[in-house]
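Engineer: My questions all concern the structure below.
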Amino acid sequence: MMFAQCTRKCVSSVLLIALLCCILPPPAQASKSSEDIRCKCICPPYRNISGHIYNKNVSQKDCNCLHVVEPMPVPGNDVEAYCLLCECKYEERSTTTIKVIIIIYLSVVGALLLYMAFLVLVDPLIRKPDAYTQPLHNEEENEDARSLAAAPTPSGARANTMLERVEGAQQRWKRQVQEQRKTVFDRHKMLS
């Protein structure tokens with residue numbers, strides 16, 4: 001219990017610090033950074049010149065072919081015709097918002113991993129055997145022992161892996177379903 005409280009406090013404090021670092025930019029970065037704005041011009045093929053995409057960090061009023069396409073691939077008298085074919089768009093994004101979303105996503109994934117570690121390490125220690133389910137577990141263990149004795153095991157290996165346990169449980173379930181089908185369809189008896 002104490003481990004879970006410490007984990008929650010640690011995760012929440014780390015998340016708060018990370019959010020504050022991303023949301024509150026330093027004073028030198030108060031204006032938009034050059035990564036947040038750009039002008040993108042897509043120019044199709046023109047005569048013997050292949051199509052090209054040009055990106056440049058310019059203001060919105062300068063977002064046109066004449067300011068973005070450098071070096072100009074056509075001679076002076078074809079510049080106007082070439083620029084009429086180009087499609088320029090001003091794009092603006094918030095890298096701060098992107099950073100905050102990534103930090104929140106990573107924090108959630110981290111919290112889930114910590115919770116999984118908590119369940120794997122601490123939960124078996126906390127659980128107490130239930131008097132009602134103990135006979136059921138004993139019956140399952142007996143069935144496991146019978147199925148292991150019937151199936152040859154390579155070099156005396158035991159069914160210790162989680163995959164083998166799941167497969168054993170699946171086989172037991174399939175046998176139970178087949179038994180129920182026989183009882184209901186062949187003998188025409190309902191289970192009570």
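Engineer: Name the residues whose placed amide hydrogens come within less than 5 Å of the amide hydrogen of Cys63, ignoring near sequence neighbours (fewer than 5 apart) on the same chain.
Structural biologist: So Cys63 has HN proximity to no qualifying residue.
Engineer: I'd like the accessible area for Ile101, computed on protein heavy atoms only with a 1.4 Å probe and all protein chains in place. Round to 10 Å², please.
Structural biologist: 100 Å²
Engineer: Something else now. For region 174-184, what does the Karplus curve 6.51 cos²θ - 1.76 cosθ + 1.60, with θ = phi - 60°, yield as ³J(HN,Hα) per residue in whole Hz, taken in order and with x for Gly and Pro?
Structural biologist: 4, 4, 5, 5, 4, 5, 5, 4, 4, 4, 7
The values are calculated or read from the model by the stated rules, or taken from the named source; none is laboratory data. Given the structure is predicted, the values throughout are model-derived calculations rather than measurements. For accessibility, only protein heavy atoms count, side chains too; no ligands or nucleic acids. Shrake-Rupley method; radii C 1.70, N 1.55, O 1.52, S 1.80 Å.
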